[in-house]
Amino acid sequence: TRLRRLRANRALRGLVRETRLEAADFVYPMFVAHGIDRREPIAEMPGVDHLSIAHAVVEAGEAVELGIPAVLLFGLPAAKDEEGSGAWDDEGIVQLATRAIKEAHPELLVITDLCLCEYTSHGHCGVLRSDGVVDNDATLELLSRTAVSQARAGADLIAPSDMMDGRVGLIRCALDEEGH
């Protein structure tokens, strides 16, 4: 027995299908880089580019036109250090891009990635102790500081992608204390 009654034609299949994906269901990831004035291909991700802030604003507008409700910003700072201080710099790449996108497209949701890995000289999600192990607790303070800076810049959502234990509660407390 083959019960194909509900698959007999396109109209029936469309009426009873369980899943629909539309532009309004997506978030557009964007990789913004400090100090560039054009698009630069990311070798490890064919077809994906690092964007200048100006290019990010243009692409954000294209996302709006397509009906995509949100962008997710990942940043590449001009300089890296042991603590990843560029992550919480109010003039950091994600903060600058957030402000520029929100100014040009206020209806678009801006989500910011929250992790220190792109900002640290060693590439880990957090601060390293002298023995080379990530210091979870010291990193939590820096993540909280970064979240507050991103929220101040206008981020609608903060998306932690780091690997620190206890981060969500401390980030939420830091944002609440600052009125976000």
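The values are calculated or read from the model by the stated rules, or taken from the named source; none is laboratory data. The model shown is predicted, which means the values in this text are computed figures rather than measured ones. Heads up, the Cβs are rebuilt from the backbone with ideal geometry, glycines too, and the neighbour counts pull from every protein chain shown. The area values use the complete protein model at the heavy-atom level, side chains included, leaving out ligands, DNA and RNA. Shrake-Rupley method; radii C 1.70, N 1.55, O 1.52, S 1.80 Å.
Within the range 127-174, the residues that satisfy the criterion of being open to solvent by less than 50 Å² (accessible area, probe 1.4 Å), touching a residue at least 40 places away in the same chain (Cβ under 8 Å) and either in contact with a Phe, Trp or Tyr (Cβ under 8 Å, 6 or more places away or on another chain) or in a loop (DSSP other than H, G, I, E, B) (or both) are Val127, Leu142, Thr146, Val148, Ser149, Ala153, Gly154, Ala155, Asp162. Taking each residue of the range 3-29 that is more than 30 Å from Ala60 (Cβ to Cβ) and looking for partners that are open to solvent by less than 100 Å² (accessible area, probe 1.4 Å) and of a type in the set (Gly, Ala, Ser) with beta-carbon atoms closer than 9 Å, six or more apart or interchain, yields nothing. A single member of Ala23, Ala11, Ala78 is of a type outside the set (Val, Ile, Thr) and open to solvent by less than 40 Å² (accessible area, probe 1.4 Å), and it is Ala23. Of the helices (runs of 4 or more DSSP H) lying entirely inside the range 1-114, the ones with 1 or more residues being out of contact with any helix residue (DSSP H, G or I) (no Cβ under 6 Å at 6 or more places or on another chain), farther than 20 Å from Leu157 by Cβ and modelled with pLDDT of 95 or more are found at 53-66. I'd like to verify a number: residues in the range 30-50 that are open to solvent by 100 Å² or more (accessible area, probe 1.4 Å) and touching a residue at least 60 places away in the same chain (Cβ under 8 Å), how many? Counting residues in the range 30-50 that are open to solvent by 100 Å² or more (accessible area, probe 1.4 Å) and touching a residue at least 60 places away in the same chain (Cβ under 8 Å) gives 0.
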